[in-house]
Each structure stands twice: as structure tokens, then as C-alpha cells.
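Report on one structure; see the data block that follows.
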Amino acid sequence: QVQLVESGGGLVQAGGSLRLSCAASGSIFRVDVMGWYRQAPGKQRELVAAITSGGSTNYADSVKGRFTISRDNAKNTVYLQMNSLKPEDTAVYHCNANLKTSALLRSREVWGQGTLVTVSS
């Protein structure tokens, strides 16, 4: 059984910062891409940022220059540092990972339960 456990969400004023963490645990052979998605009320889930095991990153245009994604491969953990937060960043943030539980099996996608980020104006 593999699971992703997120932490670090909460309430912050506009202009403030938060750091999200997501740790993958269980029977893991290899974690490939890890990322953060978010879903605001009434909107579709969207990619915020992603990072490969080699450190290549990809960001949504709306967060470029404000958010930074990083990871610790030894701990199978991904982080999202969010600075200069805006009310429009308010959403449930979900961690995502593509991983293999065995060298013989194909990669599969795993989701965390989500953590709420609320930015007040």
C-alpha cells in the first residue's frame, strides 16, 4: 500500500507565505514525477508545479516567480514553497506522484488527500 501524506496548508493573509510538504510512503521501488495540483471551489483541478527525479521543473504561468517546487529523493518527499500568496491561490492542494512499487510493474499515479490553503485579502 502506497500513500501520499500532505501537510502545511492553512490560513494566510495576502502577500504571505506557506510551505507544503508531501511524503510518499509504503512499498516504493522508484518515484518518478511528483507534483502539486489545486482545485478551487467550482473549478477544475489544475497543475500548479511538477518536478522530475532529476530536478527538472514545470510551473503554471499563474505561479511562476512566486512558487518553488523541490524534492528530497532520499525521503520521497516533495515541497511547494508559496510566496506572495494571492486570494486567487485559495484552493485544496493535492500532491501527485507517478511511481513504481516494483521493477516488474508499470508506473502508476497516486494522489494525496489534499490540504486546504486559504488566502485572505
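The values are calculated or read from the model by the stated rules, or taken from the named source; none is laboratory data. In this text the structure is predicted, and so the values were computed from the model without any measurement. Using ideal geometry, Cβ is built from the backbone for each residue, glycine included, and neighbour counts are taken over all protein chains shown. Side chains are part of the model used for accessible areas, which takes the heavy atoms of the whole protein and leaves out ligands, DNA and RNA. Shrake-Rupley method; radii C 1.70, N 1.55, O 1.52, S 1.80 Å.
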Here region 107-121 yields Karplus 3J(HN,Hα) values (6.51, -1.76, 1.60; θ = phi - 60°; whole Hz; Gly and Pro given as x) of 5, 9, 9, 10, 10, x, 7, x, 9, 7, 10, 10, 10, 8, 8
Would you kindly derive the ³J(HN,Hα) couplings of region 89-96 from the backbone phi angles with the Karplus curve 6.51 cos²θ - 1.76 cosθ + 1.60 (θ = phi - 60°), listing them in order in whole Hz, with x for Gly and Pro? 7, 4, 4, 8, 9, 10, 7, 9
When the Karplus curve 6.51 cos²θ - 1.76 cosθ + 1.60 is applied with θ = phi - 60°, which whole-Hz ³J(HN,Hα) does each residue of region 51-58 get, with x for Gly and Pro? 8, 7, 5, x, x, 6, 10, 9
Most mobile listed residue (ALA40, ALA103, ALA91) in the chain, GNM with C-alpha springs under 10 Å: ALA103
Lys pairs in the chain with Cα under 21 Å (8 or more apart in sequence, or on separate chains) total 4
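Could you state, as a whole-number percent, how many of the C-alpha pairs of region 18-80 are farther apart than 15 Å? Please report the intermediate quantities before stating the final value.
Details: 1006 of 1953 pairs.
Of all Cα-Cα distances in region 18-80, 52 percent exceed 15 Å.
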Given backbone amide H placed at 1.01 Å from N, residues whose amide H is under 5 Å from that of LEU85, ignoring those fewer than 5 places away on the same chain, are GLY15, GLY16
Give, in whole angstrom and from largest to smallest, the semi-axes √(5λ) of the equivalent ellipsoid of the chain, with λ running over the eigenvalues of the Cα gyration tensor. 26, 14, 12
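What's the longest uninterrupted piece of the chain once you rule out the trypsin sites (Lys or Arg not before Pro) that are loop residues per DSSP with at most 12 other Cβ within 10 Å? Kindly include the intermediate steps, with their values, before the conclusion.
On the way: sites that count: LYS43, LYS64, ARG106.
The reported range is 1-42.
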Just the accessible area per residue of the chain, please: how many Å² with a 1.4 Å probe? 53
Could you state the number of Å between the C-alpha centres of region 43-64 and region 11-29? 14
How much FRET efficiency would the formula 1/(1 + (r/R0)^6) give for ARG108 and ARG45, where r is the Cβ-Cβ distance and R0 is 22 Å, rounded to 0.05? 0.75
Interchain or long-range residues, amide H under 5 Å from GLY114's placed H: GLU6, CYS95
